[in-house]
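Each remark here refers to the structure printed beneath this line.
The values are calculated or read from the model by the stated rules, or taken from the named source; none is laboratory data. Note that the coordinates shown come from a computational prediction; the quantities given were computed from them, not determined experimentally. With ideal geometry, Cβ positions are generated from the backbone for all residues, glycine too; neighbour counts draw on all protein chains shown.
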Amino acid sequence: MSEERVQKALSRMGFGSRREIERWIEHGYVKINGEVIKLGAKVVEGDRAEFNGKRIVIRAPKAEVRVLIYNKPTGEICSRKDEEGRKTVFKSLPRLTNSRWVSIGRLDINTSGLLLFTNDGELANRMMHPSHEIEREYAVRVRGEVSLDKIKQLKKGVELEDGPAKFDDIVDVGGEGSNHWYHVVLHEGRNREVRRLWEAVDVTVSRLMRVRYGDVHLPRDLRQGKSIDLEQPMVKKMMEAVGLVLNEEGISKEHERNRKNKFFKNRGR
C-alpha cells in the first residue's frame, strides 16, 4: 500500500465521510502512531490510528465494497447507541473486522422497511447527497379522505416548516376504510418528510414502510430484522452512478458524467 491521506484511509474503512474526518483532524482529535496530526498527513498500512475513543490499524484497500440490505422493524432506532436502551439497527448487522457499517440514510423508530448499509463511508456520503436526487419509494397506509385535489396538491408541492416539499409520484394501490394504501416517491430524505407531507393535507399516516432506494428494492422474502448482501454487479453500478469506481487500489473518483446514471432513474414499475 502506498501513502494515503488520513481522511481518505479512514473513510475508505467506513469510519465516516472525508469531510467529517477532516473536521476531526482540524480539531486535533486524530492521532497517528501516538501523535496528533494535521490536515495533509498520510498513512501507510500498519500505522495505528486513534480517534473518537477508537484504536485501529490502517489496512490496505480491498477490492470489494459491500452494501447490505436490511429489513428494519418498527421499534428500532438508527443510532449506534441509545440512552433509553432501545434496540438499534446496528445490533442486528453482521460484524465487520477493522471497519464498521455506515448507514445510507435513516428511518424513524415508527417506520419499517428498506435500510442500506455499506462499509465505505465515501459511497454512503455520496448516496445521501441531495445533488444525486436518488429516489426513495414508500408504501403508506393512511387514515382520512384522500381526494383528487389533495393528490394534485401533494404532487405540486406544499410548504413545510423546513421549506417546500412534494411527492414525485403517488400511486393508489387499493384498500378500503382505514386500510387504504398508496405508494409514494420522493428524491430527498428530510426528517419525517413523508408523514409531514400527508399531515399537511389533513391525512394521517398509520403505517409507513420504505420499499425502494434508487434501484434497490426490498426483497419480498427478507424477514424483518434480517439482512443480505447486495450482489457485487449491483454494488458496482451503484458506485458508478455516484461517480466512484473500483480498481486494484480500492475506490477512486470517476468522471462527473456518471452522476446521472440510469441506475437511480428507474422507478421499478
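Checked across region 46-61, the condition of being under 25 Å from Val235 (Cα atoms) and either of a type in the set (Lys, Arg) or at pLDDT 90 or above (or both) holds for at least one residue. Just one of the listed residues (Val185, Val173, Val242, Val158) is modelled with pLDDT of 95 or more and among the aliphatic types (A, V, I, L, M), and it is Val185. Within region 215-233, residues that are in contact (Cβ under 8 Å) with a residue 24 or more places away in the chain have Cβ atoms under 7 Å from residues that are outside any helix (DSSP H, G or I) and among the small types (Gly, Ala, Ser) in these pairs: Asp215/Gly268; His217/Gly268; Leu218/Gly113; Gln224/Ser112, counting only partners at least 6 apart in sequence or on another chain.
A single entry from Ser178, Ser131, Ser147 fulfils the requirement of being modelled with pLDDT under 95, among the hydroxyl-bearing types (Ser, Thr, Tyr) and within 30 Å of Leu244 (Cβ to Cβ): Ser131.
Filter region 8-39 down to the residues that are acidic (Asp, Glu) and not in a strand (DSSP E or B) and list them by number. Spell out the reasoning first.
Kept after step one, since they are acidic (Asp, Glu), are these residues of region 8-39: 20, 22, 26, 35.
Residues satisfying the conditions are Glu20, Glu22, Glu26.
Residue by residue, here is whether (1) surrounded by 14 or more Cβ atoms within 10 Å (Cβ to Cβ); (2) in contact (Cβ under 8 Å) with a residue 12 or more places away in the chain; (3) over 24 Å from the mean Cα position of the chain (by Cα) holds:
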{"site": "Phe15", "(1), (2), (3)": "yes, yes, no"}
{"site": "Arg18", "(1), (2), (3)": "yes, yes, no"}
{"site": "Ile21", "(1), (2), (3)": "yes, yes, no"}
{"site": "Glu26", "(1), (2), (3)": "no, yes, yes"}
{"site": "Gly34", "(1), (2), (3)": "no, yes, yes"}
{"site": "Lys54", "(1), (2), (3)": "no, yes, no"}
{"site": "Val67", "(1), (2), (3)": "yes, yes, no"}
{"site": "Lys72", "(1), (2), (3)": "yes, yes, no"}
{"site": "Ile77", "(1), (2), (3)": "yes, yes, no"}
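Consider Ser2 against the criteria (1) surrounded by 14 or more Cβ atoms within 10 Å (Cβ to Cβ); (2) part of a loop (DSSP other than H, G, I, E, B): it satisfies all of them except one. Which criterion is unmet? All conditions pass for Ser2, except number (1).
Report whether or not Lys253 is within 21 Å of Arg66 (Cα to Cα), loosely packed, with under 13 Cβ neighbours inside 10 Å, basic (Lys, Arg) and at pLDDT below 90. Write out each step before concluding.
On the way: within 21 Å of Arg66 (Cα to Cα): yes; loosely packed, with under 13 Cβ neighbours inside 10 Å: yes; basic (Lys, Arg): yes; at pLDDT below 90: yes.
Yes, satisfied.
Filtering region 79-106 to residues that are over 20 Å from His217 (Cβ atoms), charged (D, E, K, R) and in contact (Cβ under 8 Å) with a residue 40 or more places away in the chain leaves only Arg100.
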